Amino acid sequence: MSSLAPDPALPRRDDLLDDALVGSRLGAKECTRLRAKYRMGESLRATYRLVDDTGSRLVSARMFVAGKAPVQLARARDALLREDAEGSVLLDEPMSTIFWVFPHDRKLRGLDQLTCPPAALRDVFGTPWTDGELVAYMPEKAATARCLDESGATVGFAKVQVGDEGSRSVAALRAVRRGLAEGDVLRLPDVVGHLPERHLALYSAAPGRPWNQIDRAAVPEAMAALGAALSVLHRRPTDGFAPFTRLEPAGVSGAGRLVQAARPDLAALTGSLVDALLATAPVPGPTVLLHGDLHPKNVLVHDAGVSLVDLDQAGAGPAAAELGGTLARLWCPRPGDEIDATTADAAAAALLDHYHRPSAHEVLLWYAAAALLVERAVRAISRVDVPAMADLDRVLTTALGWTARARSRR
C-alpha cells in the first residue's frame, strides 16, 4: 500500500496507515489520516480525524517496536491518571500501538488551553481571546492554534511545544527581531507572551497569505518580495544560532542511505545521485542567518512584502542552501503544486534579482539538487506521502540532471 520496503521492526506498519482498518479497530464510522511521521526500524506516529456517534475526535497513535508497547502504555496511563484522564489512552497490543485522544498526548501537556483559553490569558492580545482553532498538530512535538475573538477574527497564535523547545523558539524569534526596522519588506510575528511552566508561547498574527494559496500568476511577484525579505534576514546576526547542516555532505549521505533502504527499487538511481553530489560539493559560502524551514506555509505574502513565521529551525549556514531549496520548489514542483515552466523560471529570476548577493548558478543548482534528495525525498518517506513517493523517480532523476548541469558550468 505505501510502496515502502518491509520493516521487520514494525511488521504491521501498513496497518496503521490503513484508514479503514484503524477506524474499524477504534469503532469509528469514518477515519481520515491527517499526518504521519515514520522512522524506519524505530517508530510510526500518525494522527487521525475520527467520526462516530458522539461526534468528531482527533486521535494520535504511536507504533512501537514489537514488545515495547505494553511498557509504554503503563507509563502513559500513570501520567494520564494524574490528570484524571482515564479512557483517553488505548492499547492495540497486536499492532504494538498506543492511541491518545486529543487533547491528551504522549509528551505534550496543556493542549486543552489552545482551544479553551485560560481566563488569565484572555486579554493578553488586547482584544479578548475567546476561542481557539487548532491549525497544526505534530504529536509529541508541537501544536499551534489560531486565537479568535468572539466574532471569529484572528487575534494571534498560541503554540505548545515539548520540553524546552518553546523557550528556544521564543529566544530565536526575539534574537531575529532585535533591531529589525518596522515596516520593512520582511515582517515577523512578535512574542506576546511566554509561559515556560505551561510550555506555552503566544505570538502576534503576521500579515499575509501563505505562498501556496496565492494565484499562480502572482508567484513571480511573490518571489521578488521573498528575495528582498531574505536579503534582510540573511544579514541578521548569527550569534547563538546552531549551524545549519542539513544539506552538507553528511546529510546527503544519510538521506541517500534512508531512501535506498526504504525504496530498494530506487537504490541504483539514489546511489548515482549521492555519488554525483558528493563529487561536486561546493565550498560553503559565507555563513548567514537562515530561516531553516522555508516551506510555502511559512511564507506569507502581502502587499508590502513577506512575513516569515515559525523560525524554530533557524540556523547559520550558506545562503545558497536556502535559495537552492526554494528554487527546487519552483523548478520541480510537488504533486498538486504544479506551476508551468515559464512562470517557474520567471519566479526564480525574480527571487534572485531581488536578493542582494546571489550565489553562482552552479552552486544554486547543487543545493537545489541536494534539497530534492535531503528534503523532498526524505520527507516523502518520513510522512508516508503516497503521491510524493510515487513521484520520487522523477524527483531523483531531475536532481541527477541538475548535478550534471552544475558540473558542466564549472
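Rg ratio for the range 181-326: its Cα radius of gyration over 2.2 N^0.38 Å, N being its residue count, equals 1.23. Applied to the range 303-308, the Karplus parametrisation 6.51 cos²θ - 1.76 cosθ + 1.60 on θ = phi - 60° returns per-residue 3J(HN,Hα) values of 4, 9, x, 9, 9, 10 Hz, with x for Gly and Pro. In terms of accessible area, using a 1.4 Å probe and ignoring ligands and nucleic acids, Cys31, Cys116 rank largest first as Cys116, Cys31. For the listed residue pairs Lys37/Lys159; Lys29/Lys297; Lys107/Lys297; Lys29/Lys141; Lys107/Lys159; Lys29/Lys107, the alpha carbons are over 22 angstrom apart in Lys29/Lys297; Lys107/Lys297; Lys29/Lys141; Lys29/Lys107.
Rounded to the nearest 20 debye, the dipole magnitude of the range 277-387 is 260 debye, with +1 charges on Lys and Arg beta carbons, -1 on Asp and Glu beta carbons, and the Cα centre as origin.
Note on the range 332-410: Cα Rg divided by 2.2 N^0.38 Å, N the number of residues, gives 1.18.
Measuring nothing but protein heavy atoms, the accessible surface of the chain at 1.4 Å probe radius is 50 percent carbon and sulfur. In terms of its C-alpha gyration tensor, the range 77-196 comes out prolate, because a/c is 1.5 or above and the ratio a/b outweighs b/c. Remark: the Cα gyration tensor places the range 298-371 in the rounded category, a/c being less than 1.5. Positive-end ranking of Leu111, His356, Val192 along the dipole of the chain, with charges on Cβ about the Cα centre, is headed by His356. With only Cα atoms counted, the chain has Rg and Dmax values of 22.2, 65 Å.
The values are calculated or read from the model by the stated rules, or taken from the named source; none is laboratory data. Keep in mind that this is a model prediction, so the values were computed, not measured. Ideal geometry is used to build each Cβ from the backbone, glycine not excepted, and the neighbour counts take in all protein chains shown. Ligands, DNA and RNA are stripped out before the accessible areas are found, and what is left, the full protein with its side chains, is counted by its heavy atoms. Shrake-Rupley method; radii C 1.70, N 1.55, O 1.52, S 1.80 Å.
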